[in-house]
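The values are calculated or read from the model by the stated rules, or taken from the named source; none is laboratory data. Here the structure is a predicted model, which is why all the values come from computation and not from measurement.
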Amino acid sequence: MIGILDLNVGNVQSLFEIVKKINNKTIICKSPEKIKKLDKIIMPGQGAYGAFMNQLKKKGFEEELLLNI
């Protein structure tokens, strides 16, 4: 399953629609708990890396991502 992290950075819905056409098993991931179920993770937000990293930490994704590498 492919997960697209939704951290309120980038156009997640448009990216989701495109990826879903390629792989029907795609979800928008809004909570760190869902990361364990994913095979691949897309982290949108090009051009907004600082804001992306701040949201990643604020919403609790950082620790979960590091535990599942």
| task | Would you check if there is a residue in the range 21-39 being of a type in the set (A, V, I, L, M) and either modelled with pLDDT under 85 or over 11 Å from the mean Cα position of the chain (by Cα) (or both)? | result | yes
| query | In the range 26-69, which residues are closer than 18 Å to GLY10 by Cα and among the polar types (S, T, N, Q)? | reply | THR26, SER31, GLN46, ASN54, GLN55
